[in-house]
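Here the structure comes first, spelled out in structure tokens, and everything after it is commentary.
The values are calculated or read from the model by the stated rules, or taken from the named source; none is laboratory data. Since we're looking at a predicted model, the values are computed, not measured. Using ideal geometry, Cβ is built from the backbone for each residue, glycine included, and neighbour counts are taken over all protein chains shown.
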Amino acid sequence: MPSTLARRRTGAAALVAVAALLLSGCSAINDLTGNDDPSEAASASPTATETPYESQFTRDGTFQSHINIDNIDYVYTLYPTKSTPRTNEWYPKGEKFFSFTFQAYDLDRELRDPFKTKRKVWLQRIRVTSKVILEDGSTNTERPYELDAVAKEITFDPEPLSNRYGMLITSPKGAFELRNQAIQPTSEDTRGIDLIFSSTVYAEDRAGSDRYTKHVIKQRVPIAIFPNDQPTEAQSIPVNAN
């Protein structure tokens, strides 16, 4: 008969697989799906095209990270939107659009365990800075994307479950989601852009204890920018498109 540890490992693996399916293929808040969902046409760079800057986001058409703190899995997921779906056609000129989600999973519990047995995590504030990498490897002072906000005030869900610590992001009851974010044009010799995420969270020490520990969850996401004199072409998306 499988041990408790084995069952938890199996549950954690299943949880990650479900997270990837939910967050890379559809909205984290399914009934609020809009016209800037992950693009079905998002593509990795062709093998014949040399990627100017190493980037999972550019190569795979999505990015997902898993940051484990006290056996809570903090998951950032980024994807290009339908406005600029082809990541191998992101050039210095023109705006480039992406969406992202942030959610927490209690790996001490199995996937189908009652929610009340899982540690709650509340997201208070989210900050994103950016850095431009030039063709010679240096950086400049451009900051093509910046964000610093109270999470519950900007998340896609108009009524997130929240308290004095922030908004709930413990799966499956809560998730932070921000859509159709614009990366501004940069200098012509740009070869990459780093997005640096920093989220302030309060994680419950033990399920039901109502005692919390503050953490700052950081993640760097590299994005390749291809040399081209033409601007990144943004597609026009009908208002009622699914």
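Worth pointing out:
- Just one residue in the set Ser187, Ser209 is without any contact (Cβ under 8 Å) to a residue 60 or more places away in the chain and over 22 Å from the mean Cα position of the chain (by Cα); that residue is Ser209.
- Checked against (1) modelled with pLDDT under 95; (2) under 23 Å from Val201 (Cβ atoms); (3) among the basic types (Lys, Arg), Arg109 passes all but condition (1).
- Restricting the search to strands (runs of 3 or more DSSP E) fully inside the range 137-242 and requiring at least 2 residues that are among the β-branched types (Val, Ile, Thr) and surrounded by 14 or more Cβ atoms within 10 Å (Cβ to Cβ) gives 190-204, 212-224.
- Taken over the range 89-114, residues that are of a type outside the set (A, V, I, L, M, F, W, C), touching a strand residue (DSSP E or B) at 6+ places or on another chain (Cβ under 7 Å), within 19 Å of Ala182 (Cβ to Cβ) and not in a loop (DSSP other than H, G, I, E, B) amount to 3.
- Boolean, Phe197 is closer than 14 Å to Ala151 by Cβ, touching a helix residue (DSSP H, G or I) at 6+ places or on another chain (Cβ under 7 Å) and not polar (S, T, N, Q): no
- Selection within the range 69-88 - of a type outside the set (S, T, N, Q) and either in a helix (DSSP H, G or I) or closer than 30 Å to Lys214 by Cα (or both): Ile69, Asp70, Ile72, Asp73, Tyr74, Val75, Tyr76, Leu78, Tyr79
- Just one residue in the set Arg191, Arg179, Arg206 is closer than 26 Å to Asp113 by Cα, at pLDDT 95 or above and not hydrophobic (A, V, I, L, M, F, W, C); that residue is Arg206.
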